[in-house]
Amino acid sequence: MINPLAQVLAERGKTSVKGVFCNCTANPLVIKACMCRLMETQGPLIIEATANQVNQDGGYTGMTPVDYREFVLQLAHETGFPLNRLILGGDHLGPLTWMELPNEVAMEKAEKLVDLYASAGYSKIHLDTSMRLSEDDPKLILSTETIAKRGVRLLKIAEAGFKKYAADHPQAVHPVYIIGSEVPIPGGAQEEEGISVTKPEDFSTTVNIYRQEIEKAGLIDVWDRIVAVVVQPGVEFGDATVHEYDQAAAEALIHALHTQDGFVFEGHSTDYQTKKHLAEMVDDGIAILKVGPALTFALRQGLFALAMMENEMISDFCLLSHYIEILDKVMLEQPKNWQHHYHGTSAELAFARKYSFSDRCRYYLPHADVEEARQRLFANTREIPLSLLNQFMPIQYRKVREGSLESNPEALVLDWVCETIDDYLYACER
């Protein structure tokens, strides 16, 4: 059986599906929103976990690759999303989480990581060995040869892991692979300067050297399943800024793509791009769009809107969920996931914790206290006056009035997230 992602990419231009977007998230409400919205479309739904989210040690979600797979499959069962349209992906799979360890130890851990993803049936795998490890010279740029050798080492592990999975699942499809050395870090840039488009010659060098290393490793039959290369097309976001896609700036890189048969580009950090720019990216061959923080940012917006309506509806202080305040309290008590990303005065930090495009508050949404407040918030906003809904959720108000959306808190918040999803659908399925 052909991998459904490979099929979509091979048929670009022949169908209405021009590209795909990958949802990098472990938030159950966001995943449910993706499933509910994609139910109405033609293309596959790709749900991905990153190496720091989900790994053999649990990552920051506490889940291993098998745990995450079961978590997503359960959500698919709850929403009725068809499993034959669901693709699980692993993002930034490599030594990212263990960069401070000795090189060989870091790579052995990366091998274990890749094995767990592949043997659990993930069929889209991004191999990322672009980072310097502890014994690499910090004064030198990591060579493409080193990146490719490490990447092919992990490719071998992935292929062996798939064989283990296929032994128990005869209908399993072979995974497709994403390579590339110019990879934006997960979750957005910490600095907002110096974003530049990948040089065409660097892209070509990456492809050529990877092919050489794959041939040396006796894996040339896998070459056709390397479907995309990650490049920097000039898009990124920081706390308060978005670097918009510029077709003119990316023109030389896009031209270089047309000289390499069988590839598309995978664009990372496409969060917060306008739907016009997303469509331009897909048309230019950046046919795989990655989105993560923008989805949880939208979720946070919806939850905050509910909290503001709750404050208007309930006068008894003790009955309120205090969702916004509890989220910030937990972030202050456990600053590890935001303190190295946000900078400024105490007022500026407070603003960033709530409203930064980097959306570091997503790390805290699963916290027990925050989740308990979210449940109380939903209980308190089961019956929202239409006039209040019109004030704080005008788009959802219109849908409720038209009868296309239920006026319950979960449905309202999911629909808010779907507004972001719709920008990606516009780009990919026009």
Test: TYR355 is within 22 Å of ASN27 (Cα to Cα) and without any contact (Cβ under 8 Å) to a residue 12 or more places away in the chain
yes
Return only the number of the condition from (1) surrounded by fewer than 21 Cβ atoms within 10 Å (Cβ to Cβ); (2) over 30 Å from PHE21 (Cα atoms) that ASN380 does not satisfy.
(1)
Output the residues belonging to the range 246-270 that are in contact with a Leu (Cβ under 8 Å, 6 or more places away or on another chain) and in a loop (DSSP other than H, G, I, E, B).
PHE263, THR270
Where ARG12 falls short, out of the listed (1) modelled with pLDDT of 95 or more; (2) surrounded by 15 or more Cβ atoms within 10 Å (Cβ to Cβ):
(1)
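Yes/no matrix, rows are residues, columns are (1) surrounded by fewer than 24 Cβ atoms within 10 Å (Cβ to Cβ); (2) in contact with a helix residue (DSSP H, G or I) (Cβ under 7 Å, 6 or more places away or on another chain); (3) not assigned by TED's automatic domain parsing to the domain that holds ALA373:
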site: GLY234; (1), (2), (3): yes, yes, yes
site: VAL264; (1), (2), (3): yes, yes, yes
site: THR270; (1), (2), (3): no, yes, yes
site: GLN273; (1), (2), (3): no, no, yes
site: LYS276; (1), (2), (3): yes, no, yes
site: ALA287; (1), (2), (3): no, yes, yes
site: PHE304; (1), (2), (3): yes, yes, no
Checked the range 130-150 for anything farther than 19 Å from THR198 by Cα and in contact (Cβ under 8 Å) with a residue 12 or more places away in the chain; matches are LEU133, SER134, GLU135, ASP136, LYS149, ARG150
Report those helices (runs of 4 or more DSSP H) wholly inside the range 367-420 carrying at least 2 residues which are under 27 Å from the mean Cα position of the chain (by Cα).
368-380, 394-402
Residue check, TYR363 assigned to a loop (DSSP other than H, G, I, E, B), of a type in the set (Ser, Thr, Tyr) and modelled with pLDDT of 95 or more:
no
Quick check on the range 9-32: of everything there that is over 19 Å from the mean Cα position of the chain (by Cα) and among the β-branched types (Val, Ile, Thr), which residue is nearest to PRO65 (Cα to Cα)?
VAL17
I'd like the full set of residues that are of a type in the set (D, E, K, R), more than 24 Å from the chain's Cα centre (by Cα) and at pLDDT 95 or above, limited to the range 101-142.
GLU104, GLU108, GLU135, ASP136, ASP137
Is at least one residue of the range 361-374 farther than 30 Å from GLY58 by Cβ and surrounded by fewer than 18 Cβ atoms within 10 Å (Cβ to Cβ)?
no
State whether one or more residues within the range 124-139 are surrounded by 17 or more Cβ atoms within 10 Å (Cβ to Cβ) and in contact with a Lys or Arg (Cβ under 8 Å, 6 or more places away or on another chain).
yes
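What number of residues in the range 283-310 are under 18 Å from TYR272 (Cβ atoms) and either in a loop (DSSP other than H, G, I, E, B) or not charged (D, E, K, R) (or both)?
Within the range 283-310, residues that are under 18 Å from TYR272 (Cβ atoms) and either in a loop (DSSP other than H, G, I, E, B) or not charged (D, E, K, R) (or both) number 15.
The values are calculated or read from the model by the stated rules, or taken from the named source; none is laboratory data. All of these numbers come straight from a predicted model, not from anything done at the bench. All Cβ positions, even for glycine, are placed from backbone atoms using ideal geometry, and neighbour counts span all protein chains on display.
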